[in-house]
Structure formats: C-alpha cells, structure tokens
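Structure, as structure tokens:
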Amino acid sequence: SERNQLSLRILIENSTDKTIALFPSSNVNSTIGLITSVRGGLDYWDTFVAGSRQEIDEYQGDLQEALSPVGIEDPMRVYTAYRNQHFVAGILWDQPHLLYGKRVSIPESQEALYTAFLPLGKDFLKGGENIERTYRFYLGEKTEEGMAKTAFAPLFDRYGPILGGIERLLFQTLKFFYSITLNYGWAILLLTLLVKILLLPLNIKQTRSMAKMQEVQPELKKLQEKFKDDRQKLNTEMMKLYQEHQINPLAGCLPMLLQLPIFFALFYTVGGSVEIYGESFFWIKNLALRDPLDILPLIFVGSFIISQRKMSADPNQKMLIYVLPIVFFFMMRNLSAGVMLYIVGQSLFSNIEQFVIKAKKTAPERESKPQNQNSSGRKRSRKKKGKDSWNSKGELSKNKVQEKGA
C-alpha cells in the first residue's frame, strides 16, 4: 500500500439456498456496517467532513443530526474524515448507502470522540449471493506533497478558497527560510520580519495619521464640549478642523484593513503547517503545542503595554492599557507556540518600527534649533563687535571716540 494508506475489503457470502435477512440499514442501532472513531480536539481547527469529490461539507457541533443520513450524489467517490490543523484520518468507500456521525465530548478534557458509521446498505442476502465492500484509509500528515497525488487529495484543506494564493506564497517563503536556518522558529521570525518590511509604507502612513490625530485631540475635545447639543454643527466643525490640519480620519484605518488578509494568511500558514510539528526552539520542545512556560504570551503582554503607552495620550484609556493585556494573555496562552512566535515577532517588530519612525520625525527638529541659535548668536556678536570697534575706513567708531573724549 502507499504511504499513510491502507485498504480493507469486506466480503459476506450466503452459502445456503435460503434468503438471509441482514439488519435493516435504515436503523443505525441494529444494522451491519463499519464503525470508526478518532479522538481529537474541540477547537476551530478540528472538523468532521463528508461528501463527494466535488463537494465536501464540514460538520461541527451535533454531528448525529447533521449526518443522519447524508445524500450522496457521486456513489463512486465518497469521503468521510476527521481533520485538524496537522493530520487527516480519512475514509473513501465505493458503494455508500447511508452515513452516520456523532461527536461525544470527553469529560474533563478539551477533546472529543468523533465516530462515523458506514452501513453495508443491503437488507437481504439471497441464497448464493454475496456482498462486497472496499474501504480505503488515509491516516497521516496533512501535506500537499503527501496527498496531492492520492485519491484523498480532496481532503487537503491547507489553502483556503479566499486566501489560498497568499497562504501558498507565504508557506513557500517559510520553507525557503527554513532551508537557510534549518530551524522553523527562526524561519517564522524571518517570515514575520519580511512581511513587516513589505508593509512598511502602509505602517508609516498609519503611524503618521495616528500622530496627527493625537495632536488635534485637545481641539476636538473643545469642539465636543462647545457643540455637545448640536450634533450636526459638531460634525461640520470637526471636518473643518481635519481639513485645516490636512488629516484624513480614515487614513489610520485603511492600512490596517489592507493588512488583515495578510495577517490571517500568516496565522493559518504558521498554525496549519505540519512541518513545525515536533520542531524545537530554545525552551520550546514542540512548536505545534502551546508554550509550556508561557514565556511568549508574557513577552507579548509586555510589548503590548509598551506600544499602547506610547500611542495613547488619553488618560481615560490608561486602565485599558493594563486590563487588555491580561485578557490577551489568557486568550493566547493556549495557542500553539509557532503561532505565538509569529504574534510576538509581529508585536516586537511593530515597536521597533514605531521607535524608528518617531526618532526620524523628531531628529531634524532637535538638530535645527541649536544651529539657528548659534548662527544667529554669532551674527549678533559680530555685528556688535564691528559697531563698537572699527568702521569700514579703519577709524574708531563714534561711540569709542566719545568714550575716550569723556
């Protein structure tokens, strides 16, 4: 058999001359068939799928209702599988009749038992007849190289229908960085840095727009207090203020919206890559599992606080600066270390980016002031010295003559 694949052939023969009643296939509790179970997680990566080659539907929640029964249009290519972000346990069978599925949560755990039942689909077997069913299984990693050339290619879902092109490009870039560093931890950080550099023009525009908005905050508050009872007048005056300072209120949001598809594509590229499974990075033994020491979530919390303290000038938002990181910590501590490494890298590179942009903005102002003072001071001193000493003809000035005469 091929790698990660095996076949099962079931043959039932009636060697008598009497008709044998098989259990009715419409009753899942009494019919004969093949039953399979897989233990898996309960998060958004884990799904139960079923359908033909052309259309495979995902089922989450109460699978008993969703899959009892499933209408099959292509009787020669019917799949059912359990998938998570790294592995696939799939079945392909030739003459399906009905398909039943059920998910049962395992107490005191974040896992469930995913069970699929495939009836034989025949109620009676006449004398001398037989029934044969063939099932093919794929139990292995969810890789394009391993599944593309097999009959289980439709079960490969790493690249989504919307962001698939971006995800494929990012994954190939990730593999390229791995070929250089031979470590997926460093490859993830390099990929994050590369994306940051490519998006730098948008980030600079966003940062400058946000800085301008902070500068006019005091004037905005005055307008809000002055026209608090006249909403229409307030909007008019605010637009005048924006025009006066050449501010586009949407300029800070548009770059962020343009980056969202890349952010999600990066998230699924890193989180869904089975290649990082079992890869280590410093104290992390497996990048596909959560950080055992919670160091990465803590680094993100610290980076987030530093970033927000620099960007937020409103004293009313100080509480959020310290409350939100706590919420983020508990939200992110169960993410895989590979995904957290990407998020932490994104946050740290953003802080460095903001520091550099701010330094470039303030540097010319700091340099220009001393130069102007020194140059003007020198001019004044020279002028004063020339006035009080000698004139253009080499004679003493009138002030000096009067002083000597006195």
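Assorted remarks:
- Pair list, Cβ < 9 Å and 6+ apart or interchain, from the stretch 237-253 residues that are under 23 Å from Leu200 (Cβ atoms) to residues that are at pLDDT 75 or above and in a loop (DSSP other than H, G, I, E, B): Ile247/Val216
- A Cβ distance below 6 Å, combined with a sequence gap of six or more or placement on separate chains, defines the contacts here; from the stretch 282-297, residues that are more than 19 Å from Tyr268 (Cα to Cα) reach residues that are of a type in the set (A, V, I, L, M, F, W, C) and surrounded by 16 or more Cβ atoms within 10 Å (Cβ to Cβ) in the pairs Ile284/Ala337.
- In this structure, Leu42 qualifies as modelled with pLDDT of 80 or more and touching a strand residue (DSSP E or B) at 6+ places or on another chain (Cβ under 7 Å).
- Picking from residues in the stretch 149-178 that are outside any helix (DSSP H, G or I) and under 25 Å from the mean Cα position of the chain (by Cα), the one that is farthest from Ala265 (Cα to Cα) is Phe156.
- Tally of residues being in contact with a strand residue (DSSP E or B) (Cβ under 7 Å, 6 or more places away or on another chain) and either surrounded by fewer than 18 Cβ atoms within 10 Å (Cβ to Cβ) or among the polar types (S, T, N, Q) (or both) across the stretch 98-121: 7
- Listing of helices (runs of 4 or more DSSP H) fully contained in the stretch 197-250 that carry 3 or more residues being at pLDDT below 80 and within 30 Å of Ser347 (Cβ to Cβ): 200-215
- Among the residues of the stretch 123-152, those that are under 17 Å from Gly272 (Cα atoms) and exposed (fewer than 13 other Cβ atoms within 10 Å of the Cβ) comprise Glu145, Ala148.
- Test: residue in the stretch 138-147 that is part of a loop (DSSP other than H, G, I, E, B) and either closer than 23 Å to Gly338 by Cβ or touching a His at 6+ places or on another chain (Cβ under 9 Å) (or both): yes
- Counting the residues of the stretch 122-145 that are closer than 11 Å to Leu34 by Cα and either in contact with a Lys or Arg (Cβ under 7 Å, 6 or more places away or on another chain) or modelled with pLDDT under 85 (or both) gives 1.
The values are calculated or read from the model by the stated rules, or taken from the named source; none is laboratory data. Being a predicted model, the structure only gives us computed values, none of them experimental. Note: ideal-geometry Cβ built from the backbone for every residue, glycine included; neighbour counts use all protein chains shown.
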